[in-house]
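**Student:** Here it is: the structure, laid out below.
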Amino acid sequence: MPLDAICLTGVVRELREAALGLRIEKVQQPARDQIILTLRGNKKLLLCAGTSQARIHLTGVARENPSAPPMFCMLLRKHLQGGRLTGIDQPELERVVVLTADIVDEMGEQGKRRLVLECMGRHSNLILLDGQDRIIDCLRRVDMEMSEKRQVLPGLFYRLPPAQEKTNPLQIDREGFRRLREQSGREPEQFLLDSFFGISPLVCREIAASGERWTLEDAFFDWQADATEERFTPYLLTKDGKPAEFSYFPIRQYGESMTGEAWEKFSPMLDAFYETREQIERVRQRGQTLQRAAVNARDRAVRKLALQEKEYAQTQDRDRLRICGELITANLYRMEKGQRVLTAQNYYEDTCPNMEITLDPLLTPQQNAAKYFKRYSKAKTAEKYLTEQMAAARRERDWLESVLDELSRAETEQDFSDIRRELSEAGYLKTANSGKKEPRRGTSRPRAFRASSGLRILVGSRNTQNDR
């Protein structure tokens, strides 16, 4: 789920307690949408403006930085590094966080800089402001062509995103709620989504589900009381061991299909949630690359086998070639050079039917007979060769099908590394030759089962593992 405005309130409160007053010692940009501010005490504050993962929290995940820092990173270093974090604020129920830093500029004068994170889906952005809230630069520039309502460009004064035409859920009373409910006529979940800003679909579903046990109004105002007083419980939902959702209070709507866990703080929960999701995405992308390579190789093997089978079928007509040669030889006495067709009795069949044999008029009768015998001999040799080649092609096709099956069941980076190595050793993937010896990697373990007789059975997750 995206980080909604009320969940962001809990995160901001936590960050104020942990990071206010600390000096910004380093600024890094490990990815296109990610900025990490290293604060005194080696606390790392992550600001991510990714379209599907915009967020802010303290992180303990080690991220690799590019060899050359991007221009935006260099700009942030110039303006923020060495500054002291004096403000972490969230405009009322906006998915926006404003970091304020007291800095000393190049001229030795004291000043302020603000770094604004907008967590707004595909409109997410990171914006650096000067002391007068004028935009110095931003991660994504927005000009008039991209948005007529709001431009985000260097030199312009910063303005908050346009307000939604909805109601603040923390400021409505019961009478106002009933009036909105009567005007809506929508299902409870959709009514909440349409009427109030700052509430995610997950929370709307949870309030609606609670309303089935008592009333929607009571469920809403019970939630409102907790949100107003900031009684938050970081809560992570997992499905099949993988993170699925998170919230700021316990979620019950999924029943036993998901497992819920309360966390002490938001930052470690968000770190665990997004790092696992990002790792799954990295693995998925690696799997797609290997999938394409294996599918292309399998398809080539299938096409090659089809051509070989077609050629093999043609070799099965080779006895007719031999018979043509022998009938020409038996009828040499009545043939003439330049003749195009020979009609002769086929004495290899019981009824001795007439058989028409096509001739090359440029060849003598003897040469025509030799030509048919040569084609017969070639077809006989080709049959043996094609039989071997088709068997090899079938083995190659079946092996590639097994690799595709392995890919469909692979889950970890180690699984994909093993499959990549298997494809590389078989010559289906190019390996970069850097002149350095490749470090030896570990291998994933086979699955173990116990038979009813007590025997231990090991099942490999790929061909090479089964061979071992």
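The values are calculated or read from the model by the stated rules, or taken from the named source; none is laboratory data. Remember, it's a predicted structure, so these values are computed and weren't measured experimentally. We place every Cβ from the backbone using ideal geometry, glycine too, and count neighbours over all the protein chains shown.
**Student:** Return yes when Val295 is part of a helix (DSSP H, G or I) and closer than 24 Å to Leu47 by Cβ and no when it is not.
**Tutor:** No.
**Student:** A follow-up question, please. Output yes when any residue across segment 80-91 is more than 29 Å from Asp4 (Cα to Cα), surrounded by fewer than 21 Cβ atoms within 10 Å (Cβ to Cβ), assigned by TED's automatic domain parsing to the domain that holds Val12 and not small (Gly, Ala, Ser), and no when none is.
**Tutor:** Yes: one or more hits.
**Student:** Take the conditions crowded, with 16+ Cβ neighbours inside 10 Å and part of a loop (DSSP other than H, G, I, E, B) and apply them to Glu94. Does it pass?
**Tutor:** Yes, satisfied.
**Student:** On to the next question. Suppose we filter Arg40, Arg55, Arg13, Arg23 for residues that are within 21 Å of the chain's Cα centre (by Cα) and of a type in the set (D, E, K, R); which single one remains?
**Tutor:** Arg55
**Student:** Still on this model: Within segment 362-377, identify whether any single residue is exposed (fewer than 11 other Cβ atoms within 10 Å of the Cβ), at pLDDT 85 or above and not charged (D, E, K, R), and answer yes or no.
**Tutor:** Within segment 362-377, one or more residues are exposed (fewer than 11 other Cβ atoms within 10 Å of the Cβ), at pLDDT 85 or above and not charged (D, E, K, R).
**Student:** Got a sec? Which of Leu290, Leu321 is farther than 30 Å from Asn368 by Cα, in a helix (DSSP H, G or I) and among the aliphatic types (A, V, I, L, M)?
**Tutor:** Just one listed residue meets the conditions, Leu290.
Residue-wise test of (1) more than 28 Å from the chain's Cα centre (by Cα); (2) farther than 30 Å from Glu401 by Cα.
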site: Asp218; (1), (2): yes, yes
site: Thr233; (1), (2): yes, yes
site: Leu237; (1), (2): no, yes
site: Arg252; (1), (2): yes, yes
site: Arg284; (1), (2): no, no
site: Ala293; (1), (2): no, no
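**Student:** Give the residue, chosen from Ala244, Ala208, Ala219, that is among the small types (Gly, Ala, Ser) and in a strand (DSSP E or B).
**Tutor:** Ala244 is the lone residue from the list that is among the small types (Gly, Ala, Ser) and in a strand (DSSP E or B).
**Student:** Criterion first (assigned by TED's automatic domain parsing to the domain that holds Tyr372, at pLDDT 85 or above and surrounded by 16 or more Cβ atoms within 10 Å (Cβ to Cβ)) does Leu342 satisfy it?
**Tutor:** For Leu342, the condition - assigned by TED's automatic domain parsing to the domain that holds Tyr372, at pLDDT 85 or above and surrounded by 16 or more Cβ atoms within 10 Å (Cβ to Cβ) - is met.
**Student:** Across segment 254-266, which residue is farthest from the chain's Cα centre (by Cα) among those that are in a loop (DSSP other than H, G, I, E, B) and hydrophobic (A, V, I, L, M, F, W, C)?
**Tutor:** Once the filter is applied, the top-ranked residue is Trp263.
**Student:** Taking Ala68 as the residue in question, decide whether it is of a type in the set (A, V, I, L, M), without any contact (Cβ under 8 Å) to a residue 40 or more places away in the chain and over 27 Å from Arg277 (Cβ atoms).
**Tutor:** Here the answer is yes, as Ala68 does meet what is asked.
**Student:** Mind counting the residues in segment 190-205 that are in a loop (DSSP other than H, G, I, E, B) and either touching a Lys or Arg at 6+ places or on another chain (Cβ under 6 Å) or outside the structural domain of Glu264 (by TED's automatic domain parsing) (or both)?
**Tutor:** Looking only at that region, the number is 1.
**Student:** Mind checking whether some residue in segment 196-214 is loosely packed, with under 14 Cβ neighbours inside 10 Å and touching a residue at least 24 places away in the same chain (Cβ under 8 Å)?
**Tutor:** The answer is no; no qualifying residue exists.
**Student:** Are there any pairs with C-beta distances below 9 angstrom linking a residue in segment 360-381 that is within 15 Å of Ile323 (Cα to Cα) and in contact (Cβ under 8 Å) with a residue 12 or more places away in the chain to a residue that is of a type in the set (S, T, N, Q) and part of a helix (DSSP H, G or I), with the two at least 6 apart or on different chains, and if so which?
**Tutor:** Matching pairs, first to second residue: Pro365/Thr329; Gln366/Thr329; Ala369/Thr329; Phe373/Thr329; Ala379/Gln314; Ala379/Thr315; Lys380/Thr315.
**Student:** Are there any pairs with C-beta distances below 7 angstrom linking a residue in segment 396-415 that is not assigned by TED's automatic domain parsing to the domain that holds Leu290 to a residue that is modelled with pLDDT under 85, with the two at least 6 apart or on different chains, and if so which?
**Tutor:** none
Here's the yes/no breakdown for (1) surrounded by 11 or more Cβ atoms within 10 Å (Cβ to Cβ); (2) β-branched (Val, Ile, Thr); (3) at positive phi:
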site: Gln288; (1), (2), (3): yes, no, no
site: Ala294; (1), (2), (3): yes, no, no
site: Val302; (1), (2), (3): yes, yes, no
site: Glu311; (1), (2), (3): yes, no, no
site: Arg318; (1), (2), (3): yes, no, no
site: Ile323; (1), (2), (3): yes, yes, no
site: Leu327; (1), (2), (3): yes, no, no
site: Tyr333; (1), (2), (3): no, no, no
site: Asn346; (1), (2), (3): yes, no, no
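**Student:** Could I ask something else about it? Answer with yes or no whether Val152 is touching a Lys or Arg at 6+ places or on another chain (Cβ under 6 Å) and either crowded, with 20+ Cβ neighbours inside 10 Å or under 27 Å from Thr9 (Cβ atoms) (or both).
**Tutor:** no
**Student:** Which of (1) buried (at least 20 other Cβ atoms within 10 Å of the Cβ); (2) touching a Ser or Thr at 6+ places or on another chain (Cβ under 7 Å) does Phe246 not meet, given it meets every other one?
**Tutor:** In the conditions (1) buried (at least 20 other Cβ atoms within 10 Å of the Cβ); (2) touching a Ser or Thr at 6+ places or on another chain (Cβ under 7 Å), Phe246 misses (2) alone.
**Student:** May I pose another question? Does Thr387 fit the bill of being of a type in the set (S, T, N, Q), modelled with pLDDT of 85 or more and either part of a helix (DSSP H, G or I) or surrounded by 15 or more Cβ atoms within 10 Å (Cβ to Cβ) (or both)?
**Tutor:** Against the criterion (of a type in the set (S, T, N, Q), modelled with pLDDT of 85 or more and either part of a helix (DSSP H, G or I) or surrounded by 15 or more Cβ atoms within 10 Å (Cβ to Cβ) (or both)), Thr387 qualifies.
**Student:** Turning to a different aspect of this structure: When residues of segment 166-189 are filtered for being under 25 Å from Phe246 (Cβ atoms) and part of a loop (DSSP other than H, G, I, E, B), how many remain?
**Tutor:** Matching residues across segment 166-189 total 5.
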